[in-house]
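Here the structure comes first, spelled out in structure tokens, and everything after it is commentary.
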Amino acid sequence: MKILVLHGPNLNLLGTREPHIYGTDTLDDINARLRERAARDNIELRIVQTNHEGVMVDELHRARADGFDGVLLNPGALTHYSYSLRDAIAAIEKPVVEVHLSNIFKREEFRHRSVITAVCVGHIVGFGWRSYLLGLEGLIQHLRD
Ligand code: DQA
């Protein structure tokens, strides 16, 4: 099984970025936990972080071209307005699980809307770094079904 983990804008700053909202774990800490979980089941992970919308679209296309089975995605602020990301998810026809560290529904109104959720198999919000692990678990089980 091959899974792409795709982190969007500003997530490279985790650890120092608004720690009262996003916690003090770095992206490397989170990625290490994801790799550990994936290794347990011999799952191959490709992990990419980018601050650029077009690169996210390219990475989704590349995942399909390279025969990846699914995607674990935190689109950052692109969640709320990126129709090109939404269309890329629909286009690749691979299961995508949306994750957010924070509970976006408890925050500013512009964060309450996700243009991504409707094209994802599911989403996990509000559990800090654990949202990623819960999302990965859900994606693995979904792929096994
Ligand atoms: C986020 C929530 C988004 O609203 C925000 O723009 C982020 C992080 C989260 O993981 O909680 O960059 O996706």
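What follows is calculated from the coordinates using simple rules that are stated; it is not laboratory data. Computed from a predicted model, the values in this text were never measured in an experiment. So basically every Cβ, Gly included, is an ideal-geometry build from the backbone, and we count neighbours across all protein chains shown.
Only residues that are in contact with a His (Cβ under 8 Å, 6 or more places away or on another chain), surrounded by 23 or more Cβ atoms within 10 Å (Cβ to Cβ) and of a type in the set (A, V, I, L, M, F, W, C) were counted across segment 91-109, and they come to 2.
Of all the residues in segment 65-93, those that are in contact with a Lys or Arg (Cβ under 7 Å, 6 or more places away or on another chain) and of a type outside the set (A, V, I, L, M) number 5.
From the list 32, 63, 39, the lone residue that is out of contact with any His (no Cβ under 9 Å at 6 or more places or on another chain), in contact (Cβ under 8 Å) with a residue 40 or more places away in the chain and in a helix (DSSP H, G or I) is 63.
Residue check: is residue 61 within 12 Å of the ligand (Cβ to nearest atom) and in contact with a helix residue (DSSP H, G or I) (Cβ under 8 Å, 6 or more places away or on another chain)? Judged against the criteria, residue 61 is not a match.
Taken over segment 93-112, the residue count meeting the criterion of being farther than 18 Å from residue 45 by Cα, more than 10 Å from the ligand (Cβ to nearest atom) and of a type outside the set (Asp, Glu) is 2.
Going by what's in this entry, would residue 88 be described as surrounded by 14 or more Cβ atoms within 10 Å (Cβ to Cβ) and away from the ligand (no atom under 16 Å from the Cβ)? Taking the combined requirement at face value, the residue satisfies it. Whether any residue in segment 47-58 is in a helix (DSSP H, G or I), without any contact (Cβ under 8 Å) to a residue 60 or more places away in the chain and closer than 21 Å to residue 134 by Cβ is what I want to check. Checking segment 47-58: not a single residue is in a helix (DSSP H, G or I), without any contact (Cβ under 8 Å) to a residue 60 or more places away in the chain and closer than 21 Å to residue 134 by Cβ. In segment 123-145, of all residues being assigned to a loop (DSSP other than H, G, I, E, B) and among the hydrophobic types (A, V, I, L, M, F, W, C), the one that is surrounded by the fewest Cβ atoms within 10 Å (Cβ to Cβ) corresponds to 127.
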